[in-house]
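Taking it in order: structure first as structure tokens, then the write-up.
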Amino acid sequence: MFRFVLSRLGFLIPTFIGITLLTFIMIRLVPGDPIEAQAGERGISAARHEELRKAYGFDQPVIVQYGLYISRVLQGDLGRSFVTRNSVASEFFELFPATVELSLCAIIFAVVIGLPAGMIAAVRRNSIFDHGVMGISLTGYSMPIFWWGLLLILLFSVQLGWTPVSGRIDLLYYIEPVTGFLLIDSLLSGEEGAFGSAVSHLILPSIVLGTIPLAVIARMTRSAMLEVLGEDYIRTARAKGLSGMRVIALHAFRNALIPIVTVIGLQVGVLFTGAILTETIFSWPGVGKWLIEAIYRRDYPVLQGGVLLMGAVVMIVNLLVDLAYGIINPRIRHAR
Amino acid sequence: MTTEVLQTPPIAAGTTPAAAPPSDLAAFWHDFRRNTGAVIGLAIIVVVTGLAVFAPLIAPHHPDRTDSTAFLRPPVWQDGGSWSHLLGTDAIGRDLLSRLIWGAQLSLSIGVAVVVLSLVSGVLIGMAAGYFRGWIETAIMRAMDVILTLPSLLLAIVIVAILGPGLANAMIAVALVTLPHYVRLTRAAVIGELSKDYVTAARVGGSSNLRIMFKEVLPNCAAPLIVQASLGVSAAILDAAALGFLGLGAQPPASEWGTMLADAREFVLRAWWVVTFPGLMILITVLAFNLVGDGLRDALDPKLKR
């Protein structure tokens with residue numbers, strides 16, 4: 001197992017170097033001088049300009065500059081926002097819980113509905129239910145989620161008035177951030193109605209963000225189950241006289257789980273992509289909206305640092321998913 | 001026994017009645033047609049393509065012409081709607097139906113152009129990786145891993161942020177993001193094919209490397225590439241629309257569907273039609289390409305048949 005972890009970690013390093021190269025090159029391709037960009041419209045004296053050039057290492061060869069960048073990144077220094085002057089890393093980690101909370105609710109929504117739907121579709125293959133699930137999931141997979149969000153707002157917030165249009169919680173409440181997860185913090189605060197408000201703000205964004213993962217999970221569960229249901233050991237289990245439910249739940253589902261877990265793990269990238277759009281639609285104060293606003297404001301350090309951190313998070317989650325298979329499936333662990 | 005097997009089996013009605021085996025195309029169509037969803041998807045694509053090609057003839061109004069007497073006019077079946085604007089008008093009095101029809105032209109061109117761009121460059125890069133191996137392959141595949149690690153829209157946003165917003169840059173960004181799929185497919189196919197006897201035979205016959213790659217190997221790995229390309233069109237339309245929605249793709253007054261939605265966002269409370277119809281067009285078109293992609297995969301790639 002130790003070797004397996006090491007080999008996975010070894011695979012991670014070149015990818016991480018690649019991402020830092022990308023963000024390093026990115027900032028150099030942006031038109032204009034980075035120091036002047038930072039100075040803004042006030043301008044800057046030639047002497048101060050030279051001083052800053054030295055301070056940032058811009059007078060060094062490119063390869064040295066890259067080395068300096070890497071060493072700063074490894075020390076957790078991702079620069080400061082042009083706009084707020086706050087450290088990029090601290091801004092990211094302040095907003096990150098909001099994105100995680102939304103993503104977790106979305107993936108729970110997707111799994112809770114997608115998994116049983118895919119299983120039942122596989123068991124009742126070619127029934128109306130099966131065709132319905134497959135049709136709906138292909139539609140969900142093709143969904144432009146930024147439009148889907150607007151439609152849901154139109155129906156549930158505007159027409160029916162059931163859910164709020166935007167934000168994380170009603171403006172009436174001020175919740176002291178403890179964990180950063182509003183569902184938990186609002187309970188801890190003990191304020192009446194705060195938790196309900198947080199939940200009602202979460203419902204629509206979670207559905208929107210969970211739609212594509214839901215479609216993918218339902219399709220994958222169905223095909224994984226179909227494959228397993230055709231295996232000999234399922235026939236053996238049935239021949240032994242086990243009940244249909246027992247065969248499906250204990251024998252088939254457990255073996256279908258590996259591709260399903262894989263697919264759920266792969267949704268992390270999808271969730272981040274979706275979070276950028278979902279947070280923009282619902283004014284959800286997470287890292288996706290923060291990045292988009294950084295582009296509008298030409299806040300390049302935020303863009304550079306944010307992309308690097310998001311890439312790192314996706315990499316780490318992918319690594320955890322990889323390690324999880326190793327635990328579920330010994331064949332992967334011992335394979336060379 | 002053997003004589004029975006050797007006799008030509010009766011061919012299903014509808015295909016070539018002659019004793020000759022059906023051509024590749026006919027066999028493909030026979031497989032494809034059995035998938036109802038794929039046929040529906042194909043029909044939708046034909047209709048949308050028709051709208052795109054004949055947009056100047058079909059669209060009742062010029063897509064950018066504003067009508068100062070009809071701001072946010074609802075569709076014809078609602079109170080206040082009129083026959084001159086079947087699907088209503090937007091906030092500055094432009095005819096929604098006309099803009100949607102012209103938008104088909106824009107969105108389809110985006111989809112096709114992006115796929116051609118990433119398919120051609122992906123095949124070339126993938127071939128280089130599969131053929132040369134060694135450090136070239138390692139460098140290429142690591143670069144592709146980096147692209148795949150970053151969420152696709154995030155990377156596209158970064159590229160657009162560097163190049164500046166606009167349709168052409170958005171298309172380059174989406175093409176780059178989808179590149180790894182083609183590179184991986186081509187490389188895997190090339191490595192698989194190169195060890196086969198027919199390649200050795202071609203080499204013994206004195207064919208040049210380039211000739212072997214394009215004449216022998218490429219046609220043999222075409223099927224997965226075609227499937228990926230048809231699914232790629234839908235992904236490209238969706239991503240380009242998302243960029244347009246974020247204000248990073250096609251710029252107003254272009255009647256790109258995603259850009260139209262971005263304009264419509266602030267009217268979501270007052271005018272449902274400006275929000276509903278552009279998104280519906282995106283959904284229908286993307287769904288059609290996905291249906292056809294699924295059908296193509298089933299018809300072209302028996303290994304993937306479920």
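The values are calculated or read from the model by the stated rules, or taken from the named source; none is laboratory data. Being a predicted model, the structure only gives us computed values, none of them experimental. Counting neighbours? That spans all protein chains shown, and the Cβs are built from the backbone with ideal geometry, glycine included. Quick note on the areas: whole protein, heavy atoms, side chains included, nothing else; ligands and nucleic acids left out. Shrake-Rupley method; radii C 1.70, N 1.55, O 1.52, S 1.80 Å.
Among the residues of the stretch B:178-187, those that are farther than 14 Å from B:P219 by Cα and either open to solvent by 10 Å² or more (accessible area, probe 1.4 Å) or not β-branched (V, I, T) (or both) comprise B:T178, B:L179, B:P180, B:H181, B:Y182, B:R184. On the stretch given as the stretch A:170-204, residues that are touching a residue at least 24 places away in the same chain (Cβ under 8 Å) and out of contact with any helix residue (DSSP H, G or I) (no Cβ under 9 Å at 6 or more places or on another chain) total 1.
Of all the residues that make up the stretch A:212-236, how many are over 27 Å from A:G274 (Cα atoms) and within 13 Å of chain B (Cβ to nearest Cβ)? Quick ask: steps written out before the conclusion?
In the first step, residues of the stretch A:212-236 are kept if they are over 27 Å from A:G274 (Cα atoms); the result is A:225-236.
Keeping just the survivors that are within 13 Å of chain B (Cβ to nearest Cβ) gives A:225-230.
Within the stretch A:212-236, residues that are over 27 Å from A:G274 (Cα atoms) and within 13 Å of chain B (Cβ to nearest Cβ) number 6.
Taking the conditions (1) closer than 25 Å to A:R297 by Cα; (2) β-branched (V, I, T); (3) touching a Gly at 6+ places or on another chain (Cβ under 7 Å) in turn, B:I191 satisfies each one other than (1). Out of B:V39, B:V47, B:V5, one residue alone is at pLDDT 80 or above, open to solvent by 60 Å² or more (accessible area, probe 1.4 Å), part of a helix (DSSP H, G or I) and away from chain A (no Cβ under 14 Å). It is B:V47. Across the stretch B:195-217, the number of residues qualifying as open to solvent by 40 Å² or more (accessible area, probe 1.4 Å) and in contact (Cβ under 8 Å) with a residue 24 or more places away in the chain comes to 1. If you go through the stretch A:70-97 and pick out every residue that is open to solvent by less than 80 Å² (accessible area, probe 1.4 Å) and either charged (D, E, K, R) or on the phi < 0 side of the Ramachandran plot (or both), you end up with 19. Among the residues making up the stretch B:151-163, those that are within 8 Å of another protein chain (Cβ to nearest Cβ) and open to solvent by 20 Å² or more (accessible area, probe 1.4 Å) are B:S152, B:I162. Has the stretch B:212-221 got at least one residue that is in contact with a His (Cβ under 8 Å, 6 or more places away or on another chain), within 30 Å of B:G134 (Cα to Cα) and not β-branched (V, I, T)? Within the stretch B:212-221, not a single residue is in contact with a His (Cβ under 8 Å, 6 or more places away or on another chain), within 30 Å of B:G134 (Cα to Cα) and not β-branched (V, I, T). Restricting A:I207, A:I212 to residues that are assigned to a helix (DSSP H, G or I), open to solvent by 40 Å² or more (accessible area, probe 1.4 Å) and modelled with pLDDT of 80 or more narrows the list to A:I207. Restricting the search to the stretch A:269-305, which residues are of a type in the set (F, W, Y) and more than 14 Å from A:A89 (Cα to Cα)? The answer is A:F272, A:F282, A:W284, A:Y296. Just to be sure, is B:A52 without any contact (Cβ under 8 Å) to a residue 60 or more places away in the chain, open to solvent by less than 70 Å² (accessible area, probe 1.4 Å) and over 17 Å from B:V233 (Cα atoms)? Taking the combined requirement at face value, the residue does not satisfy it. The residue of the stretch B:58-109 that is least open to solvent (accessible area, probe 1.4 Å), among those that are among the basic types (K, R) and in contact (Cβ under 8 Å) with a residue 24 or more places away in the chain, is B:R99.
Beta carbons closer than 7 Å, at least 6 apart along the sequence or on distinct chains, never pair a first residue in the stretch A:244-255 that is under 14 Å from A:D232 (Cα atoms) and of a type in the set (D, E, K, R) with a second that is open to solvent by 40 Å² or more (accessible area, probe 1.4 Å) and not in a helix (DSSP H, G or I). B:L148 passes every criterion in (1) within 14 Å of chain A (Cβ to nearest Cβ); (2) over 20 Å from B:V227 (Cα atoms); (3) at pLDDT below 90 apart from (2).
Within the stretch A:2-17, the set of residues being more than 15 Å from A:L309 (Cα to Cα) and surrounded by 11 or more Cβ atoms within 10 Å (Cβ to Cβ) comprises A:F4, A:V5, A:S7, A:R8, A:L9, A:F11, A:P14.
When A:I153, A:I175, A:I184 are checked against the criterion of being surrounded by 15 or more Cβ atoms within 10 Å (Cβ to Cβ) and either of a type in the set (F, W, Y) or not in a helix (DSSP H, G or I) (or both), A:I175 stands alone in meeting it.
Taking first residues from the stretch B:222-243 that are more than 14 Å from chain A (Cβ to nearest Cβ) and open to solvent by 20 Å² or more (accessible area, probe 1.4 Å) and partners that are aromatic (F, W, Y) and in a helix (DSSP H, G or I), the Cβ contacts under 8 Å between residues at least 6 apart in sequence or on separate chains come to B:Q228/B:Y182. Of all residues in the stretch A:306-330, those that are more than 14 Å from every other protein chain (Cβ to nearest Cβ) and crowded, with 20+ Cβ neighbours inside 10 Å total 0.
Taken over the stretch B:125-145, the criterion of being modelled with pLDDT of 85 or more, farther than 30 Å from A:G274 by Cα and surrounded by 17 or more Cβ atoms within 10 Å (Cβ to Cβ) is satisfied by B:M127, B:A128, B:A129, B:G130, B:E137. Quickly run through the stretch B:256-273 and pick out the residues that are open to solvent by less than 20 Å² (accessible area, probe 1.4 Å), assigned to a helix (DSSP H, G or I) and at the interface with chain A (Cβ under 10 Å from one of its Cβ atoms). Correct list: B:W257, B:G258, B:L261, B:A264.
For B:P278, the stated conditions hold: it is within 20 Å of the chain's Cα centre (by Cα) and within 28 Å of B:R65 (Cα to Cα).
Every residue, every condition in (1) modelled with pLDDT under 85; (2) more than 12 Å from chain B (Cβ to nearest Cβ); (3) open to solvent by 30 Å² or more (accessible area, probe 1.4 Å), yes or no:
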position: A:A256; (1), (2), (3): yes, yes, no
position: A:P259; (1), (2), (3): yes, yes, yes
position: A:V263; (1), (2), (3): yes, yes, no
position: A:Q267; (1), (2), (3): yes, no, no
position: A:F282; (1), (2), (3): no, no, no
position: A:V287; (1), (2), (3): no, no, no
position: A:A294; (1), (2), (3): no, no, no
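Scanning the stretch A:41-55 for residues that are at pLDDT 75 or above and open to solvent by 100 Å² or more (accessible area, probe 1.4 Å) yields A:R48, A:E51, A:K54. Can you find a residue that is part of a helix (DSSP H, G or I), polar (S, T, N, Q) and farther than 30 Å from A:Q267 by Cα anywhere in the stretch B:100-109? Looking for residues that are part of a helix (DSSP H, G or I), polar (S, T, N, Q) and farther than 30 Å from A:Q267 by Cα, one finds at least one in the stretch B:100-109, hence yes. The single condition among (1) under 30 Å from A:T23 (Cα atoms); (2) outside any helix (DSSP H, G or I) that B:G206 does not meet is (1).
Looking only at the stretch A:226-248, residues that are of a type outside the set (S, T, Y) and not in a helix (DSSP H, G or I) come to 5 in all.
Within the stretch A:85-92, is there a residue that is touching a strand residue (DSSP E or B) at 6+ places or on another chain (Cβ under 7 Å) and in contact (Cβ under 8 Å) with a residue 60 or more places away in the chain? Yes: the stretch A:85-92 contains one or more residues that are touching a strand residue (DSSP E or B) at 6+ places or on another chain (Cβ under 7 Å) and in contact (Cβ under 8 Å) with a residue 60 or more places away in the chain.
Evaluated against (1) open to solvent by 80 Å² or more (accessible area, probe 1.4 Å); (2) over 30 Å from A:V263 (Cβ atoms); (3) among the β-branched types (V, I, T), A:V112 falls short on exactly one condition, (2).
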